[in-house]
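Only one structure is covered here, and it is reproduced in the block below.
Quick note: the coordinates plus some simple rules give every number you see, no bench work behind them. These numbers come from a predicted model, not from an experiment. Here the Cβ positions follow ideal geometry from the backbone for every residue, glycine too, while neighbour counts run over all protein chains shown.
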Amino acid sequence: MAAGEAGHHFKMAHNRLMQWRFVNARSDASRRAKGAVAQSVLIGAWAALSKLQTSVAQKQLQLHKEKLGLKINTILSYQVKLLNRWNDSDRQHAAALSTTRDSLQSVVCRLPLIEGAKVEKTVLLLPQNSPRWLSEEKSLLEEGSEVLSLISSFQLQEESLKCHLIQLNSVRSIEHLQARNAITTA
């Protein structure tokens, strides 16, 4: 009877061991399922965050571009105003020079010739550009040169930002693929 009782205790202990193994296997499967769900939620959140960061970078780039466009428009509108004023002044200046030349020529033609003086017909030319106009033209050219160098600098910055954005997207894509591969292998 003692052998039967020992066998019964052995069977009971074996049944308890099997029950614990079953409980442990069930809890392990549940833990794995919850971990997989949590990991997929985390990857989804990471992807959404990545899209948001890309969108923010693109919006910042667009905003920077629009600011540069406004600066260029402001500078160019000021330059156009100056050029229009210069054009009007140039016309007035040319008209005044023409009138002065014609007046001087008519006065010279009316002078009496005495003591064997001879008249040589020459065209009276006055300088077309005074030093003041030359300095204004020079300053406008310098401003234009500065604007062009500023535009070139901004274009380089834009290209650099685009390259950084492309690199960031490729790194994120690689990390995303690695994370996805890690999930499938686990």
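Mean projected area of the Cα convex hull of segment 135-186, taken over all directions, amounts to 2.9 nm². The aspartates and glutamates whose alpha-carbon is closer than 13 Å to the alpha-carbon of residue 138, local same-chain residues fewer than 8 away aside, are 146.
Computed log10 I(q)/I(0) for segment 1-99 at 0.12, 0.16, 0.22, 0.23 Å⁻¹: -0.78, -0.91, -1.08, -1.10, from the Debye equation with unit scatterers placed on every C-alpha and solvent omitted. Peptides 15-27, 140-152 ranked from most to least packed give 140-152, 15-27, packing being the mean of other C-beta atoms within 10 angstrom over each peptide's residues. Taking a straight line from the alpha carbon of residue 59, these aspartates and glutamates sit under 19 Å away, with near neighbours fewer than eight places off in the same chain left out: 158, 159. What's log10 of I(q)/I(0) for segment 1-42 at q = 0.19, 0.26, 0.31 Å⁻¹, Debye sum over Cα points only, no solvent? Result of the Debye calculation: -0.64, -0.80, -0.91.
Under a cut-off of 19 Å between alpha-carbon atoms, report the aspartates and glutamates in cross-link reach of residue 162, not counting same-chain residues fewer than 8 places apart. Result set, ordered by chain and number: 66. Neighbours of residue 172, meaning other residues whose beta-carbon lies under 14 angstrom from its beta-carbon, give a summed charge of +1 when Lys and Arg score +1 and Asp and Glu score -1.
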